[in-house]
1. Suppose accessible area is computed on protein heavy atoms with a 1.4 Å probe; arrange Leu23, Leu2 from highest to lowest.
2. Report ³J(HN,Hα) in whole Hz for each residue of the range 8-20, in order, from the Karplus equation J = 6.51 cos²θ - 1.76 cosθ + 1.60 where θ = phi - 60°; Gly and Pro get x.
3. Need one value: the accessible area of Phe10 in square angstrom, 1.4 angstrom probe, rounded to the nearest 10.
4. Taking only DSSP H segments of four or more residues, each worth -39500 (n - 2.57), what value at 222 nm results for the chain once the sum is divided by all its residues, to the nearest 500 deg cm²/dmol?
5. Using a 7 Å offset from the Cα along the Cα-to-Cβ direction at both Ala58 and Ala3, what is the distance between the two label points in nm, to one decimal?
6. Run the accessible area of the chain with a 1.4 Å probe and give the carbon-and-sulfur part as a rounded percent.
7. Under a 10 Å cutoff between Cα atoms, tell me which one of Thr30, Thr16, Thr47 has the largest fluctuation in the Gaussian network model of the chain.
8. How big is the gap, in Å, between the Cα center of the range 48-88 and the Cα center of the range 1-39?
Amino acid sequence: DLAITVIAAFLWLVSTSAWAKALADIKISTGASIIPEIEFCKAPGSTCHFVSVTSMGALNVSVMFGLLNMVLWGGNIWFVYKDTNLHN
């Protein structure tokens, strides 16, 4: 049980970190900084304006819940450890 709990906590850490990095990349890829990189916007006589991006608040919350879940699994390691023979 202890090994499975440690593995689950580690996987939550890895997956939450990967999701947070992907979310940061999504925000960069859809931000106003992409306007100068679009070929159509570089053409003479054309103008491009950045209006808005859909709110990403729910995605930020999903990262926070992933971190919270990782903390809960990490705390659970202590209680599982206390039930093993490793703890006197």
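The values are calculated or read from the model by the stated rules, or taken from the named source; none is laboratory data. Given the structure is predicted, the values throughout are model-derived calculations rather than measurements. So basically every Cβ, Gly included, is an ideal-geometry build from the backbone, and we count neighbours across all protein chains shown. What goes into the accessible areas is simple: the full protein's heavy atoms, side chains included, and nothing from ligands, DNA or RNA. Shrake-Rupley method; radii C 1.70, N 1.55, O 1.52, S 1.80 Å.
1. Solvent-accessible surface, decreasing: Leu2, Leu23.
2. These are the phi-based 3J(HN,Hα) values: 5, 5, 5, 5, 5, 4, 5, 5, 5, 5, 5, 5, 5 Hz.
3. The value for Phe10 is about 120 Å².
4. -22500 deg cm²/dmol
5. 4.0 nm
6. 70 percent
7. Of the options given, Thr47 has the highest mean-square fluctuation.
8. Spelled out, the Cα-based centre of one part sits 12 Å from the other.
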